[in-house]
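Read through the structure below, which is laid out as structure tokens, and then see the notes.
Since every read-out is calculated from the coordinates, none of them should be taken as a lab result. All figures in this text were calculated on a predicted structure; none of them were measured in a lab. Methodologically, a virtual Cβ is constructed for each residue, glycine included, from the backbone with ideal geometry; neighbour enumeration extends over all protein chains shown.
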Amino acid sequence: MSHSPLATSSSAKFQLLVNNALRAYEKCTRKDLLAHPLAVQLQACNSPADILVILQQQVQGVDQSRSSNDRWTKWLDPTVSVLYSLSETLGESVALVSLST
């Protein structure tokens with residue numbers, strides 16, 4: 001699939017931004033976010049629904065109340081969908097759940 005030069009340029013700029021943020025986080029915290037078990041799980045996701053399943057499991061582990069889970073779901077569902085759509089729009093070289101360093 002070919003991408004326009006503008007899309008490729010935007011993708012490259014976004015990838016650079018993400019990589020810089022990851023390096024800055026690691027410098028400040030001495031923790032590699034891409035090595036975190038949750039990041040590893042998210043890298044295997046192929047759809048917003050896959051991402052939501054993993055995030056809902058995380059929420060359930062923190063708070064067992066049903067009303068809290070419903071509240072998180074109402075917030076997470078549109079957020080994940082928008083972020084996933086954004087990553088698709090930017091092109092194949094930038095994926096929300098599969099970042100290169």
(request) Tell me the label-point distance for the pair Arg71, Cys28, using the 7 Å Cα-to-Cβ offset, in nm and rounded to one decimal. (result) 2.6
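Take the Cβ-Cβ distance between Gln56 and Ser9 as r, set R0 to 41 Å, and report the resulting FRET efficiency rounded to the nearest 0.05. Write out the running numbers ahead of the final one.
Values: r = 36 Å, r/R0 = 0.87.
So the FRET efficiency works out to roughly 0.70.
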(message) Taking 22 Å as R0, compute the FRET efficiency from the Cβ-Cβ separation of Thr79 and Leu38 and round it to 0.05.
(response) 0.90
(request) Return the distance in nm (one decimal) between the two label points of a simple spin-label model at Ala49 and Leu17, each offset 7 Å from Cα along Cα→Cβ. (result) 3.0
